[in-house]
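Take a look at the structure below.
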Amino acid sequence: MSSCRALRILGQSLSLLAILSPLSVAAASKDEFKTMCAAFGDSSAAQFAGASSDTGKYLYGSNQWGWDDSGAQCMTVGLDDSDDAASFNVTWSWTERDVWVHSYPNVGLESVQLPSRLDNVKSFNVSAAWDMYPSAQPDAVNKTEALMAIGTKADIALDMFIDSNNVTAMNASAAAFEVMVWSAVWGGVAPIGYQTFNRADAPKYTLAGIEYALYSGFNQQGQKQAVFSWVPAENQNGIDANLWELVTYLVNAGNLTADMYLGLIQFGTETVHATQNVTFEMQKAQMDLAVVSQKPTTTKGSPPATAGASKGAAFHVAPTGFALPAAAMGIAAAVLL
């Protein structure tokens with residue numbers, strides 16, 4: 001099956017160019033956007049297709065790491081980031097294996113300042129707006145109810161990978177720690193550690209007026225990394241906050257140490273299940289990392305790996321046995337209730 005054509009899922013024509021109003025595709029030149037479509041059986045290049053924004057600040061990834069033959073995915077990304085923002089749309093459907101993450105279409109921050117020691121980071125400001133809805137009902141009055149009616153299971157989350165080794169921190173499959181900031185969830189998807197204690201007993205932190213609860217546990221497949229998940233009490237339709245406060249909390253609590261490195265950063269949606277096409281729009285996402293000591297802007301790539309640094313205080317949590325498979329390409333595992 002060719003990944004260059006629009007896919008047909010569940011008898012519906014999946015033509016993304018007709019639904020990409022946030023990206024202004026109708027008026028855009030062919031060089032201002034890129035569409036990446038793939039279905040099970042296509043090449044690995046199609047399965048993990050990516051595209052860089054014009055300035056190189058953002059890297060989009062379709063990342064269908066858990067795909068199967070029950071559905072497919074099309075992702076269209078905006079390459080023009082002259083406004084310092086990234087935007088993409090993705091339409092997908094997976095009708096089987098409703099306890100498995102199928103993909104994590106995302107946009108990542110590409111910065112010469114990464115990897116950076118935690119004590120060298122001053123702030124990490126993130127802003128974005130988004131929308132998710134059944135593709136056949138873009139104007140549904142209650143989009144949550146409409147999504148539930150087609151069995152949607154998905155979440156919106158930002159991932160930060162951390163390790164005592166600066167090179168390993170840039171590798172989602174090898175980094176020792178993952179910090180997730182969740183923004184929305186549908187269909188009973190829950191973070192690792194959710195069964196360990198209820199929300200009332202979980203540590204809390206209020207960021208930009210939103211209360212987040214902290215869950216933690218170990219990824220039980222793949223890299224078996226320690227995962228910290230900050231989850232809001234209710235779904236958000238946007239974000240505008242300094243997420244570094246949530247990492248600083250973990251350092252102050254002794255779960256991370258200041259001499260560790262922040263590496264790979266990605267922001268997107270984990271797709272799990274839907275009986276019909278679902279569309280997710282990421283609109284005007286901006287990620288800005290401020291550091292104390294800057295690396296030369298002409299430097300490219302990661303510096304040489306550092307020798308072993310301390311791993312921080314002992315990670316005292318009860319491992320959960322309900323984790324979904326770890327992402328080979330950087331997707332955090334989750335659990336389904």
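The values are calculated or read from the model by the stated rules, or taken from the named source; none is laboratory data. Not measured: the values here are computed from a predicted model. Cβ coordinates were reconstructed from backbone atoms using ideal geometry, including for glycine residues, and neighbour counts include every protein chain displayed.
For the range 156-215, what are the residues that are among the basic types (K, R) and at pLDDT 95 or above? Passing the criteria: only K204.
In the range 273-283, the count of residues that are surrounded by fewer than 24 Cβ atoms within 10 Å (Cβ to Cβ) and either closer than 19 Å to A169 by Cβ or of a type outside the set (S, T, N, Q) (or both) is one or more. So, D83, is that one out of contact with any helix residue (DSSP H, G or I) (no Cβ under 7 Å at 6 or more places or on another chain), of a type outside the set (S, T, Y) and farther than 21 Å from L289 by Cβ or not? Answer is no for this residue. Of the residues that make up the range 132-154, is at least one touching a residue at least 60 places away in the same chain (Cβ under 8 Å), within 30 Å of D259 (Cβ to Cβ) and not in a loop (DSSP other than H, G, I, E, B)? No, the conditions are met nowhere in the range 132-154.
Within the range 58-113, if we keep just the residues that are touching an Asp or Glu at 6+ places or on another chain (Cβ under 8 Å), among the charged types (D, E, K, R) and under 15 Å from A154 (Cα atoms), the residue that is surrounded by the fewest Cβ atoms within 10 Å (Cβ to Cβ) turns out to be E96. The residue of the range 235-249 that is surrounded by the most Cβ atoms within 10 Å (Cβ to Cβ), among those that are polar (S, T, N, Q) and more than 16 Å from the chain's Cα centre (by Cα), is T248. Of the residues that sit in the range 241-295 and are charged (D, E, K, R) and part of a strand (DSSP E or B), which one is nearest to T206 (Cα to Cα)? Looking at residues that are charged (D, E, K, R) and part of a strand (DSSP E or B), I get D288.
Let's see how each residue does on (1) in a strand (DSSP E or B); (2) farther than 16 Å from A176 by Cβ; (3) in contact with a Lys or Arg (Cβ under 8 Å, 6 or more places away or on another chain):
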| residue | (1), (2), (3) |
| --- | --- |
| Y194 | no, yes, no |
| E211 | yes, yes, yes |
| F228 | yes, no, no |
| E234 | no, yes, no |
| I239 | yes, yes, no |
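Looking at the range 69-112 only, could you name the residues that are closer than 24 Å to M148 by Cβ, aliphatic (A, V, I, L, M) and assigned to a strand (DSSP E or B)? Across the range 69-112, the qualifying residues are A72, M75, V90. In the range 129-182, the residue that is nearest to the chain's Cα centre (by Cα) out of those that are surrounded by fewer than 24 Cβ atoms within 10 Å (Cβ to Cβ) and among the charged types (D, E, K, R) is D131. Do we find that V126 is surrounded by fewer than 24 Cβ atoms within 10 Å (Cβ to Cβ), closer than 16 Å to G108 by Cβ and touching a residue at least 40 places away in the same chain (Cβ under 8 Å) in this structure? It is true that V126 is surrounded by fewer than 24 Cβ atoms within 10 Å (Cβ to Cβ), closer than 16 Å to G108 by Cβ and touching a residue at least 40 places away in the same chain (Cβ under 8 Å).
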